[in-house]
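Each reported figure results from applying straightforward, stated rules to the coordinates on display, with no laboratory input. Keep in mind that this is a model prediction, so the values were computed, not measured. Note that we place each Cβ from the backbone using ideal geometry, even for glycine, and neighbour counts take in every protein chain shown.
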Amino acid sequence: MSELRTIIITGANSGLGFEVAKKIALNKAYRIILACRNLEKAELAKKNIIKETQNTNIECIKLDTSSLRSVEEFVLEFEKTNDSLYGLINNAGISGMHQGKSIDGVEIVMATNYLGHWYLTNLLLEKYNIKKIFNITSDMHNPPQGLKWQNVEDIFYSDNSDRTAYPYSKLSNIYFTNELQERLDKENKDTLVNSFNPGMMQTNFAGGPLPKSRIIFVKTMMPDRFGDLDKSSTALSSLVLDDSLNVKAKYFDRSINYIKSSPLSYEIKNQKELWDYTDNFIKEWKKK
Ligand SMILES: NC(=O)c1ccc[n+]([C@@H]2O[C@H](COP(=O)([O-])OP(=O)(O)OC[C@H]3O[C@@H](n4cnc5c(N)ncnc54)[C@H](OP(=O)(O)O)[C@@H]3O)[C@@H](O)[C@H]2O)c1
């Protein structure tokens, strides 16, 4: 390979993003951009990745996915590297325990997990011919208690008092994957866009280690929701590194195998409504 392949990973200083960055970096043909909101944490992650992989092509660029301005600033900074862009992993995320509004006035879980990634991806696609995009979703796009689609405006502006923001954000990531793939196909682009569910893992996601009782409960009662950080990061990095991958708009489930996501996630009307609303939201935001 004559040129290094650059991969952007959002939220790469911890958990899944960090492990995937490390596993990809073991291959010296890859250069990783750690797109993180906290540059101190990012620099520490960079140091650790270089130490463990001996790959020095690791760079940190500030990105707060909950802020559309930060997304624009990130893209401007990335352009300065003069890299081409091989892959994008939209991984950064917060759990449904958060409440509040983003700087742009949107429910914070939806803004962080979905909206910022939508804008980031579309801005990058204006300038780069990205080969692979992975949107990190969750089996919680289909929560055990069920989920009904409501109008997008209500989802964007909810107060999350019913704790549905996380399932909506992860369902939105799947709609985003599928709609984006359809649009890129129409433009005859060769980009592959897929969703990846890592399963429930021990990371910083829950704000600390999961209680043993919860792990045992999920393992026994909902084994199809139980994940493993090492297995999921190995699978995701393999998908990124696999040159023969030719799969699109699929839902990879904790492995290199894809399955069907929830029936709701294939509702084309919702998928289109979400895309149009988001597109319009960003156009209006730009006018301000
Ligand atoms: N852990 C699970 O059980 C589980 C299950 C299914 C899906 N997932 C998904 O897996 C992905 C990774 O989560 P994880 O488990 O690895 O959790 P994690 O260890 O908490 O990592 C999340 C990463 O996202 C970053 N982040 C959060 N808000 C951000 C923002 N506004 N801008 C930029 N970065 C931001 C965090 O940065 P800071 O360090 O600065 O907070 C951190 O680097 C998420 O999309 C999550 O929804 C996780």
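Couple of notes before you dig in:
- Simple label model, 7 Å out from Cα along Cβ direction - Asp159 to Lys41, nm: 2.8 nm
- Inter-part distance where the range 109-184 and the range 1-78 are each reduced to a Cα centre, Å: 22 Å
- For the chain, the spread of Cα coordinates along the three principal axes comes to 49, 49, 36 Å, biggest extent given first.
- Cα-based Rg of the range 98-148 normalised by 2.2 N^0.38 Å, two decimals: 1.42
- Highest-MSF residue in the chain out of Asn160, Asn270, Asn257 [GNM, Cα springs under 10 Å]: Asn257
- A quarter of the convex hull surface defined by the alpha-carbon atoms of the range 206-288 gives 9.2 nm² as the mean projection.
- Relative contact order for the range 5-287, counting Cα pairs under 8 Å that sit 6 or more residues apart, in percent: 18 percent
- Choice from Lys189, Lys260, Lys80 with maximal GNM fluctuation in the chain (Cα, 10 Å cutoff): Lys80
- Most mobile listed residue (Trp118, Trp275, Trp149) in the chain, GNM with C-alpha springs under 10 Å: Trp149
- Paramagnetic label zone (point 7 Å from Cα along Cα-to-C-beta, Thr56; backbone N under 20 Å) in the range 25-42: 25-34
- Nearest-0.05 FRET efficiency for Asp228 and Thr81, computed from C-beta distance (R0 30 Å): 0.35
- Think of the chain as having a plus end and a minus end, set by charges on the Cβ of Lys, Arg, Asp and Glu; of Gln202, Gly105, Leu147, Gln202 sits farthest toward the positive end of this dipole.
- Legend: residue pairs Lys101/Lys287; Lys23/Lys62; Lys46/Lys286; Lys62/Lys189; Lys131/Lys219, Cα-Cα distance threshold 30 Å; pairs beyond threshold, Lys46/Lys286; Lys131/Lys219.
- For the range 170-258, a/c is not less than 1.5, where a ≥ b ≥ c are the root eigenvalues of the C-alpha gyration tensor, and a/b tops b/c. That puts it in the prolate class.
- Amide proton proximity set for Ala12, modelled H, under 5 Å, gap of 5+: Ala35
- Each Lys and Arg contributes +1 and each Asp and Glu -1, all at the Cβ; summed about the Cα centre of the chain, the dipole is approximately 580 debye.
- Extension gain from Phe217 to Arg69, taking 0.36 nm per residue of separation minus the Cα-Cα distance: 49.2 nm
- Once the Cβ-Cβ distance of Leu4 and Asn204 is raised to the sixth power relative to R0 = 35 Å, the FRET efficiency obtained is 0.75.
- Cα-based shape type of the range 26-116, given that a ≥ b ≥ c are square roots of the gyration tensor eigenvalues and the cut on a/c is 1.5: prolate
- Estimated 222 nm signal from helices in the chain, with DSSP H stretches of n ≥ 4 weighted -39500 (n - 2.57), rounded to 500: -13500 deg cm²/dmol
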